[in-house]
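One structure below.
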Amino acid sequence: MTQAALDADVLIIGAGPVGLVAALDLSARGVSTIVVEQREFLQPPNVKCNHVASRTMESFRRLGIAAEVRAAGLPADYPQDVAFRTSLTGIEFARIPIPASGERYTSRTGPDTAWQTPEPPHRINQTFLEPILARHAAQAPGVTLLNRTLFHSLAQDESSVSAVISDLDGSNERTVRARYLIGADGGRSMVRKQIGATLSGDPVLQHVQSTCIRSAELYERMSADEPRAWGYYTFNQRRLGHVYAIDGRETFLVHTYLSPEEAQTEGSVDRDAAIRAILGVGDDFEYEAVSKEDWIARRLLADRFRSGRVFIAGDASHLWVPFAGFGMNAGIADVLNLTWQLGAHLSGWADEGILDAYEAERRPITEQVSHFAMNHQQKLARPGMPAEIEDATEAGERARAEFGAAVHALNEPQFAAAGLNYGYVYDASPIISYDGAEAPGYTMGTYTPSTVPGCRAPHFVLADGTSFYDRLSDGYTLVARDGHGSPALVAEAERRGIPLVVVEPGDRLLPAEYTAPLTLVRQDQQVVWRGAALDAADAAELCELLRGARVRVVV
Ligand SMILES: Cc1cc2nc3c(=O)[nH]c(=O)nc-3n(C[C@H](O)[C@H](O)[C@H](O)COP(=O)(O)OP(=O)(O)OC[C@H]3O[C@@H](n4cnc5c(N)ncnc54)[C@H](O)[C@@H]3O)c2cc1C
């Protein structure tokens, strides 16, 4: 597919999770890539993301890496629960059960275990996830990883985009050229700056001190009678904090939340004292600080995700406070939306106009998620914690029970975020054929399955036991109810080279939401059309819309 004068079809700047997933997905579509990354190969990232959403796991399943990701991180029998306590070693007053990875497909205990999906969420730290992605990318056909390489600048013309890069020390400056460029270069994205996109929103929501600590003794100090948890939210009068188990043995990530007053004065919070208050340990407790990061929780969104042949995705295009754990997951959803379109165009069946769908579909969704995350942060910042929270009295017990019920209700939606996973709707896409029906709304924790165009096609299992999502073609899949079909649509798609397969599951296996005789679903599971058999003219018109030929190209 690569033109002779080009170094690759697509240049990707940044080999964080978003850039690496872009390379893997484009490789699967036969599109060649060069990935420019300043870090060394397998150099660990900061200890940040801990939650891989169900929707991301579904994509990993399609890419053939879900089982490996599921097996990494915490031990297979380690509960992925969230516990609410007065401190890590203190009194527990609420718990959200989330199954350990070893029983993730079978357990029915927990708020997300009834989800209709072949791949439930997974809790794994980014330090375990990224090496898996990097190793697969290094072996993927058509992917060239350039590590210890800096991106400096870009320029584009009508048919290509070029980037000036150098070795990390500034030597060996050279230019690489491709047809398109994806900036997946994180929050400080130079690609974003170079295309003139600007971030706006809420630049400061909260100051946070994060410390990765190592202590083989911490679990011993915790009650042996209570099960372990992946996440711990701690509430006491001295400090509010969150702790995440990283390896289930000795490594933990501790987030210390600063009050607005503390944030005014640098150094006002004693890092070590705050960690001890969150853990509930005295000076006799020893730990090693493995890494430290002070960061500001924000809500920022780029005003544009594209300029001509250059696109931005992931943290390069949006940043928000990590409540609900959707920064990376939304970034991966962005880039897979884009790589599907790039693959369709570069393999020849889609018009260049299809690429306009990227910003039209993804930007509104990321704006919605940014608000969900910020609203949650603001509710949590004022927890209404009772003064007796730690008291070993009846009043203390009552207070913990009441407060526990409140924090459980508040937080369950962010740790079982069905809405963020499945509820979002592409309601103004140039490559979706709408039928006037209104899509159901969604919240962080709830969604209503629907086949209104723009919604996610509800999952079902076929008679042979396979997931419908495993049957999706890399273009479109037509779900036909008993006795229905559309030979004209199949023929018109074939004439244009649009990949389209027909699935006839049998009405008794179809969820009730599949009300139309035919439902057309994209590889990313989004419904793009529904209706009855089309004649040749209408089928041709629909195919032109689907392949982006009805989009006015704006560059
Ligand atoms: C405390 C915390 C907890 C989080 N928890 C979650 C969670 O549970 N779930 C979730 O989904 N998200 C979470 N996030 C967010 C998540 O970590 C980020 O959204 C994610 O890392 C973004 O991925 P990315 O690939 O877009 O950017 P990055 O991970 O920032 O990767 C960008 C890459 O580009 C490289 N790069 C940058 N500039 C250049 C250059 N000029 N030349 C060459 N290379 C360059 C960098 O070295 C880096 O490797 C959390 C974030 C924080 C801070």
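Taking the criterion of being of a type in the set (Ser, Thr, Tyr), open to solvent by less than 40 Å² (accessible area, probe 1.4 Å) and either within 13 Å of the ligand (Cβ to nearest atom) or touching a helix residue (DSSP H, G or I) at 6+ places or on another chain (Cβ under 7 Å) (or both), the only residue of segment 266-322 that qualifies is SER317.
Listed by first and then second residue, the pairs with beta-carbon distance under 6 Å, at least 6 apart or on different chains, first residue in segment 79-105 and under 20 Å from ALA67 (Cβ atoms), second outside any loop (DSSP other than H, G, I, E, B), are GLN80/ARG123; SER101/ARG70. LEU346 fulfils the conditions (1) away from the ligand (no atom under 16 Å from the Cβ); (2) within 28 Å of TYR447 (Cα to Cα) except for a single criterion, (2).
For first residues located in segment 177-191 and open to solvent by 10 Å² or more (accessible area, probe 1.4 Å), partners that are polar (S, T, N, Q) and within 12 Å of the ligand (Cβ to nearest atom) and lie 6+ apart or on another chain with Cβ distances below 8 Å form the pairs MET190/SER153.
I'm checking my understanding of the structure. Among residues of segment 324-338 that are within 9 Å of the ligand (Cβ to nearest atom) and of a type in the set (A, V, I, L, M, F, W, C), which one is surrounded by the most Cβ atoms within 10 Å (Cβ to Cβ)?
VAL335
Does LEU520 satisfy being within 23 Å of TYR426 (Cα to Cα), in a helix (DSSP H, G or I), in contact (Cβ under 8 Å) with a residue 24 or more places away in the chain and touching a strand residue (DSSP E or B) at 6+ places or on another chain (Cβ under 7 Å)? Here the answer is no, as LEU520 does not meet what is asked. Just one of the listed residues (ILE124, ILE96) is touching an Asp or Glu at 6+ places or on another chain (Cβ under 8 Å) and within 16 Å of the ligand (Cβ to nearest atom), namely ILE96.
Here is a yes/no grid of residues against (1) under 25 Å from ASP294 (Cβ atoms); (2) outside any helix (DSSP H, G or I); (3) modelled with pLDDT under 95:
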{"site": "ALA163", "(1), (2), (3)": "no, yes, no"}
{"site": "ASP169", "(1), (2), (3)": "no, yes, yes"}
{"site": "LEU181", "(1), (2), (3)": "no, yes, no"}
{"site": "GLY187", "(1), (2), (3)": "yes, yes, no"}
{"site": "LYS193", "(1), (2), (3)": "yes, no, no"}
{"site": "GLY201", "(1), (2), (3)": "yes, yes, no"}
{"site": "GLN209", "(1), (2), (3)": "yes, yes, no"}
{"site": "ALA224", "(1), (2), (3)": "no, yes, yes"}
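Quick check: is even one residue across segment 131-147 assigned to a strand (DSSP E or B), over 21 Å from GLY331 (Cα atoms) and either modelled with pLDDT of 95 or more or open to solvent by less than 40 Å² (accessible area, probe 1.4 Å) (or both)? Yes, because at least one residue in segment 131-147 is assigned to a strand (DSSP E or B), over 21 Å from GLY331 (Cα atoms) and either modelled with pLDDT of 95 or more or open to solvent by less than 40 Å² (accessible area, probe 1.4 Å) (or both). If the condition is being closer than 19 Å to HIS242 by Cα and of a type in the set (Gly, Ala, Ser), then segment 387-428 contributes GLY404, ALA405, ALA406, ALA409, ALA416, ALA417. For segment 247-255, the count of residues that are within 22 Å of the chain's Cα centre (by Cα) and of a type in the set (Asp, Glu) is nonzero. At least 1 residues being under 19 Å from the mean Cα position of the chain (by Cα) and over 23 Å from ALA417 (Cβ atoms) is the threshold, and among the helices (runs of 4 or more DSSP H) wholly inside segment 1-103 those reaching it are 17-28, 66-71.
Screening ALA463 against (1) in a helix (DSSP H, G or I); (2) open to solvent by 50 Å² or more (accessible area, probe 1.4 Å) leaves a single unmet condition, (1). On the stretch given as segment 157-176, residues that are more than 9 Å from the ligand (Cβ to nearest atom), in contact (Cβ under 8 Å) with a residue 40 or more places away in the chain and surrounded by fewer than 20 Cβ atoms within 10 Å (Cβ to Cβ) total 1. Return the residues of segment 486-517 that are assigned to a strand (DSSP E or B) and under 19 Å from ARG29 (Cα atoms); say none if nothing qualifies. The answer is LEU500, VAL501.
Residues in segment 95-130 that are surrounded by fewer than 22 Cβ atoms within 10 Å (Cβ to Cβ) and within 30 Å of GLU390 (Cα to Cα): 7 in all. If the condition is being open to solvent by 20 Å² or more (accessible area, probe 1.4 Å) and either within 14 Å of the ligand (Cβ to nearest atom) or basic (Lys, Arg) (or both), then segment 52-78 contributes ARG55, SER59, ARG61, ARG62, GLY73. For segment 224-234, the candidate set comprises residues that are in contact (Cβ under 8 Å) with a residue 12 or more places away in the chain and open to solvent by 10 Å² or more (accessible area, probe 1.4 Å); within that set, the residue that is farthest from the chain's Cα centre (by Cα) is GLU226.
The values are calculated or read from the model by the stated rules, or taken from the named source; none is laboratory data. This is a predicted model, so every value here is computed, not measured. Note that each Cβ is placed from the backbone with ideal geometry, even for glycine, and that neighbours are counted across all protein chains shown. Note: accessible area is taken over every heavy atom of the protein model, side chains too, but ligands, DNA and RNA are not part of it. Shrake-Rupley method; radii C 1.70, N 1.55, O 1.52, S 1.80 Å.
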